[in-house]
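The values are calculated or read from the model by the stated rules, or taken from the named source; none is laboratory data. If you're wondering where the values come from, they're calculated on a predicted model, not measured in any experiment. The protein model used for the area step is the full one, side chains on, heavy atoms only, and it has no ligands, DNA or RNA in it. Shrake-Rupley method; radii C 1.70, N 1.55, O 1.52, S 1.80 Å.
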Amino acid sequence: MYYVYILYSLSRDVYYKGFSENVDKRLIYHLTSTGKYTSGTEDWEVVYVQKFTSKSLALIEEKRLKRLNRTSIEKLIKEQNGGLSSRP
């Protein structure tokens, strides 16, 4: 399986969109990495996950998510969570 995910950092009030075969492992990487965008932030949390059987479809969806504005991202997250915000 392949997954497209959105992380949220409360301290930075920012979303990060990504793709992985293992979301839990990827979250740990983001929390501990020295990567350019996610490093130095220790409060990333997974707020959205979508599963795909095809890597190519997952990558297409990741690209689509990366083009969305904040309002659209928050609407998508809210819809997946049954109308409940996953952010504090």
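Between (i) 258; (ii) 119; (iii) 94, which entry matches volume of the Cα convex hull per residue in Å³ as derived from the coordinates of this structure?
Step by step, volume of the Cα convex hull per residue in Å³ for this structure corresponds to label (iii).
Keeping all protein chains in place, calculate the accessible area per residue for the chain (probe 1.4 angstrom), answer in Å².
For the chain, the per-residue accessible area is 64 Å².
Rank ASP43, ASP13, ASP24 by mean-square fluctuation in a GNM of the chain with C-alpha springs under 10 angstrom and give only the top-ranked residue.
ASP13
Calculate what fraction, in whole %, of the accessible area of the chain sits on carbon and sulfur atoms when a 1.4 Å probe is rolled over the protein chains.
Here carbon and sulfur together make up 51 percent of the probe-accessible area.
Given the whole protein assembly as supplied and a 1.4 Å probe, what does the accessible area of ARG26 come to in Å², nearest 10?
70
In deg cm²/dmol and to the nearest 500, what is the mean residue ellipticity at 222 nm of the chain if only DSSP H runs of at least 4 residues count, each as -39500 (n - 2.57), divided by the residue total?
-12000 deg cm²/dmol
Run the numbers on the chain and let me know its relative contact order in percent, using alpha-carbon pairs under 8 Å that are six or more apart.
It comes to 34 percent, rounded to a whole number.
What pairs from LYS51/LYS78; LYS25/LYS75; LYS17/LYS63; LYS25/LYS63; LYS17/LYS75 go past 19 Å between their alpha carbons?
Beyond 19 Å between Cα atoms: LYS25/LYS75; LYS25/LYS63.
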